[in-house]
1. For F31, F50, what's the largest-to-smallest order of accessible area, 1.4 Å probe?
2. Given a Förster distance of 25 Å, report the FRET efficiency between L59 and E22 from their Cβ-Cβ distance, rounded to the nearest 0.05.
3. Starting from the Cα gyration tensor of the chain, multiply each eigenvalue by 5, take the square root, and state the resulting semi-axes largest first in whole Å.
4. Between M1 and I45, what is the label-to-label distance in nm when each label sits 7 Å out along the Cα-to-Cβ direction?
Amino acid sequence: MIEQRLLEYLNSSLAPIPCYMEMPEDPTGQFVIIEKTGSSITNRITKANFAIQSYADSLYDAAALN
């Protein structure tokens, strides 16, 4: 499942900043949300679209995380 691979990759690349597939119950500090927005198959090629959102205590910190 591509979602799991993407989550594992971002968790290893952005450590110690956590990445989630849904909003945590207590959203504090810096974190990243991954959301699958769609997928399609054209000529036997599977495509997936994702939205990756960065959150932080300030807009500057979220932009720096990007």
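1. The residues order as F50, F31, largest area first.
2. Result of the calculation: an efficiency of 0.65.
3. With the √(5λ) rule applied to the chain, the semi-axes are 26, 12, 11 Å.
4. 2.6
The values are calculated or read from the model by the stated rules, or taken from the named source; none is laboratory data. Nothing here was measured: the structure is a model prediction, and the numbers come from that model. Note that we place each Cβ from the backbone using ideal geometry, even for glycine, and neighbour counts take in every protein chain shown. These accessible areas exclude ligands, DNA and RNA; they are computed on the full protein's heavy atoms, side chains included. Shrake-Rupley method; radii C 1.70, N 1.55, O 1.52, S 1.80 Å.
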